[in-house]
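Taking it in order: structure first as structure tokens, then the write-up.
No lab work stands behind these numbers, since they all come straight from the coordinates. For clarity, every value in this text was computed on a predicted model and none was experimentally measured. For neighbour counting, all protein chains shown are included, and Cβ atoms are generated from backbone atoms with ideal geometry for every residue, glycine included.
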Protein chains: 4
Amino acid sequence: MAPPSKSFFAVIAGVGAGTGGAVARRFAQAYPVVLLARSEDSFKDLVAEINGQGGKAIGIAADATDAAAVKSAFESINKELPDFKLAAAVYNVGAGRALKPFLELKSEDLDASLKGNAHGLFNFAQSALPLLLDSVDSSPHPPTLIVTGATASLRGSARFADFAAGKFAVRAITQSLAREFGPKGVHVAHAVIDGGIDIPRLAQYKSRVNDGAPDGMLSPAAIADSYWHLHTQHRSAFTQELDMRPYVEKF
Amino acid sequence: MAPPSKSFFAVIAGVGAGTGGAVARRFAQAYPVVLLARSEDSFKDLVAEINGQGGKAIGIAADATDAAAVKSAFESINKELPDFKLAAAVYNVGAGRALKPFLELKSEDLDASLKGNAHGLFNFAQSALPLLLDSVDSSPHPPTLIVTGATASLRGSARFADFAAGKFAVRAITQSLAREFGPKGVHVAHAVIDGGIDIPRLAQYKSRVNDGAPDGMLSPAAIADSYWHLHTQHRSAFTQELDMRPYVEKF
Amino acid sequence: MAPPSKSFFAVIAGVGAGTGGAVARRFAQAYPVVLLARSEDSFKDLVAEINGQGGKAIGIAADATDAAAVKSAFESINKELPDFKLAAAVYNVGAGRALKPFLELKSEDLDASLKGNAHGLFNFAQSALPLLLDSVDSSPHPPTLIVTGATASLRGSARFADFAAGKFAVRAITQSLAREFGPKGVHVAHAVIDGGIDIPRLAQYKSRVNDGAPDGMLSPAAIADSYWHLHTQHRSAFTQELDMRPYVEKF
Amino acid sequence: MAPPSKSFFAVIAGVGAGTGGAVARRFAQAYPVVLLARSEDSFKDLVAEINGQGGKAIGIAADATDAAAVKSAFESINKELPDFKLAAAVYNVGAGRALKPFLELKSEDLDASLKGNAHGLFNFAQSALPLLLDSVDSSPHPPTLIVTGATASLRGSARFADFAAGKFAVRAITQSLAREFGPKGVHVAHAVIDGGIDIPRLAQYKSRVNDGAPDGMLSPAAIADSYWHLHTQHRSAFTQELDMRPYVEKF
């Protein structure tokens, strides 16, 4: 791993075994990375891995749905990386898929999705955007906020009222941010991940997803490559939204 | 006004000077109508008007964002109209457009929109859907849940992160309900109102909206006519979503 | 049937056993109707039926894909109904679904779809719009051009490249016309018919469509009711697009 | 420039001063490239440039709207590069924007757009897809068909009926191909270019587009970078559609 930038860092919220972790690895090839997750367990191995390979990673336990916790996490970042500017921020927190018939859903189910998706992004973006704006004139690539979406960002399926509500809301916020902050030089992009992600926790489903076709679930590293590409796009050609799905996925 | 049905009623949440009031008037031509609004002031004149013209209207003050209040309102309805079944429910509550740059928005602004739009619909639908399901075999028209959307249901404009989040979430829930309850015989429809509504409160803008063109703002009665049409659609040809806008509106 | 208008007429292109015929019957309750189809066989019984019930119907054989034939049909209309103005025009011509793997499609298959859908609408709209514009100030309802779409208007499914190309193109044209002619007072609407239509020719499929559920295919008369509603919308609340599908349809 | 692949080539239809030329340059860094355009003038300088820099380029004059000419071009390719397989095919032909009020459009205007956009892609894809299928097991990246779209792929604006019809049709075909050939291992992607492209021919508009903001028009090289990224995506995470627009573009 090449030594990371001495001026710019990246922050990823929602780091675990899947997309978030892969994005952290990918961005760590260029920047020190700050990993946020609710529980230290979600990032401690990865922080060790990146630091052990010549990169630089910092993990901070913070619940994105808690505005004060997010603010406090960004204050910690500022202490840890006082001379660094923010080049890229990735919001990859998912929440709230109770998968129940509507009349069995509780208000708390909806709340969990709206908090984890919409409020979490709101909190994260309010802390990240001022830092991204501050990097516009100097960042090696246009400063970038990337947000992870899902099939449910575009479609409210039966039994997905709670989850789709949160994911639709996230897409709304992301569009609004793209329109407000794009002209100021910040690239805001939304990635619709349309398929199962190939993570250990879901390995048991692998033989059933897309009839067990090889590469029938999204590789987190492949998603991360496209996030990195989004970050490096020239400001004359920003992508606001793209989808990603396995070649065998029905859509 | 012809005497209203002696078996079926309609309930409209979010009744005031605009769409909700007009929908109440339109549905009152066929059914007793129950009007819900946070404040009694919003419906008391209309209740009197409808009752004075041979129709039947009941007003109940209830905050849709308060799950207990909605539940209690439906219990009151059951007491007032014990032998009636629900033919149509309209959710027309709007909330949360702080119209501020994103970095000036407060978490409370987002919350107000998510609560008033998504949670309110959730509460209303959880009480209304069991009643609508109960009417499937007997209702003169397929029992119907109609939800009012806005331009911001489809588009997250700059400075609309809060409002669009709520409106996107509502659209997600409505789609999910259509897919779950359609096959059970309940018609769930979403109307995207794309333009300013011609209500007294907005009269001051009238000369500026669409260059002051006549009929340049949506007539609430015209919206109500389309809601009524949605209600009367045959179950072989349900509309899930339609837009409505003034002929002169840019889109 | 009440006697039809003595001042305004409607014209429907693509009349047969399904939507077009039902629309003709529905609009004949208010206006003399002109029925266009490639073959006289498609409309002659219906013309007789409408005229026999106190309505007024004229059938003209014309291929919508043939610009000269469409022009000539409108000249015939002008001779037959010299003192009438056009209140509503409906384009309901479908064409081109070869249902083949892409590499087996012929250029002619694509051409058939583009001609029957896009060119046909183009020809029809070029003749109808000047007449609709001429009715803006006097028509009982805003003069209306309604165009029939399909699932393939929004989605290019596998093996539907030809058909979807034509249907997408029709939607594009309809949107463009709505934006150009709406502000001049002409209502241009697009109906996405998402499901099988309950016509004699498809009766054999009925037991398989949506598991043979009752009303599992769209009733042409139900579609026609919504077309009539579109025609009667107030100009402050034009619908540009709506979908229609059976309550049991997966979507 | 590194020496290009000795096994795989790329073909780009619609090569000139803009996107097509930049895509050719970008893909020439990895593959021999075949450049198709109606006129030799469009590609001869670029062919010389690429060949002069250690790459390999072949230009073939062919009108994409002419099925026989496209077939013949692919036969020429086969003679020139007999031992090469096709890794990537890019359709970048645009046509048909008469920019006239609808009633002034001629049938020929619509035809030019449908031919140049839909038929051209059809012809190109029918020749390219069998070759791409043949590369699935050996290509360094999943064999890819990329199609250039525009704002008018998603929106039929006033006075754009002809152009939007062609661009909507192209999007329909591309979606259908993605669904048919994705599961076979071919990546089919559609790029919505939403803004003016920074090419010499449009330089005169540059001061007016987006108020003359720097990078206010899309850099063709930036578009080409994203096309290359699409080509390199892992088959578990294919993007079917992305948009690209200048940071300052209103949308």
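Worth a mention:
- In chain D, the longest principal axis of the Cα atoms and the axis of helix D:220-232 are about 50 degrees apart.
- Sorted shortest first, the distances from the A:Gln53 label point to those of the same residue in the other copies are 3.2, 7.1, 7.4 nm; each point sits 7 Å from Cα along Cα-to-Cβ.
- Peptide A:151-161 shows a mean partner chain C-beta count of 6 within 10 Å per residue C-beta.
- Point-charge dipole on Cβ atoms (K/R +1, D/E -1) for the protein assembly as shown, about Cα centre, debye to 20: 0
- Using every pair of separate Cα atoms, the Kirkwood estimate puts the hydrodynamic radius of region D:49-206 at 17.0 angstrom.
- Computed E for C:Lys71/A:Met1 - FRET, C-beta separation, R0 60 angstrom, nearest 0.05: 0.25
- Listed by chain and number, the aspartates and glutamates placed with their C-alpha closer than 20 angstrom to that of C:Lys100 are C:Glu108, C:Asp109, C:Asp111, C:Asp162, D:Glu180; residues fewer than eight positions away on the same chain are left out.
- With helices as the sole contributors, the protein assembly as shown gives -11500 deg cm²/dmol at 222 nm; each DSSP H run of n ≥ 4 counts as -39500 (n - 2.57), and the sum is divided by every residue.
- Cα-based shape type of the protein assembly as shown, given that a ≥ b ≥ c are square roots of the gyration tensor eigenvalues and the cut on a/c is 1.5: oblate
- Helix A:120-134 and the longest principal axis of the C-alpha atoms of chain A enclose an angle of approximately 30°.
- Evaluating 6.51 cos²θ - 1.76 cosθ + 1.60 at θ = phi - 60° for every residue in region D:150-166, the Karplus couplings come out as 8, 3, 6, 6, 10, 8, x, 7, 4, 6, 10, 4, 5, 5, 5, 4, x Hz, glycine and proline recorded as x.
- Reachable lysines, given that their alpha-carbon falls under 17 Å from the alpha-carbon of B:Lys250 and they are not under 8 places away in the same chain: B:Lys206, C:Lys184, D:Lys250
- In range of the label at A:Glu40: residues from region A:65-89 whose backbone nitrogen is under 20 Å from the point 7 Å along Cα→Cβ: A:65-66, A:69-81
- Within straight-line cross-link reach of B:Lys56, lysines at Cα separation under 18 Å, skipping those fewer than 8 residues along the same chain: B:Lys6, B:Lys44, B:Lys79, B:Lys85
- Each Cα pair under 8 Å and six or more residues apart adds its sequence gap; the mean of these over the residue count of region A:8-244 is a relative contact order of 21 percent.
- Ascending count of other beta-carbon atoms within 10 Å, so fewest first, for C:Thr239, A:Thr151: A:Thr151, C:Thr239
- Our coupling estimate for region A:54-66, obtained by passing each phi through the Karplus curve with A = 6.51, B = -1.76, C = 1.60 and θ = phi - 60°, is x, x, 9, 9, 10, x, 9, 7, 7, 8, 4, 6, 9 Hz, Gly and Pro reported as x.
- 3J(HN,Hα) along region C:241-250, derived from phi through the Karplus expression 6.51 cos²θ - 1.76 cosθ + 1.60 where θ = phi - 60°, amounts to 8, 9, 9, 9, 7, x, 4, 8, 5, 6 Hz, with x in place of Gly and Pro.
- With a simple spin-label model that places each label point 7 Å from the Cα along the Cα-to-Cβ direction, the separation between A:Leu202 and B:Ser207 comes to 5.8 nm.
- Within region A:57-181: Cβ-based charge dipole about Cα centre, in debye rounded to nearest 20 (Lys, Arg +1; Asp, Glu -1): 500
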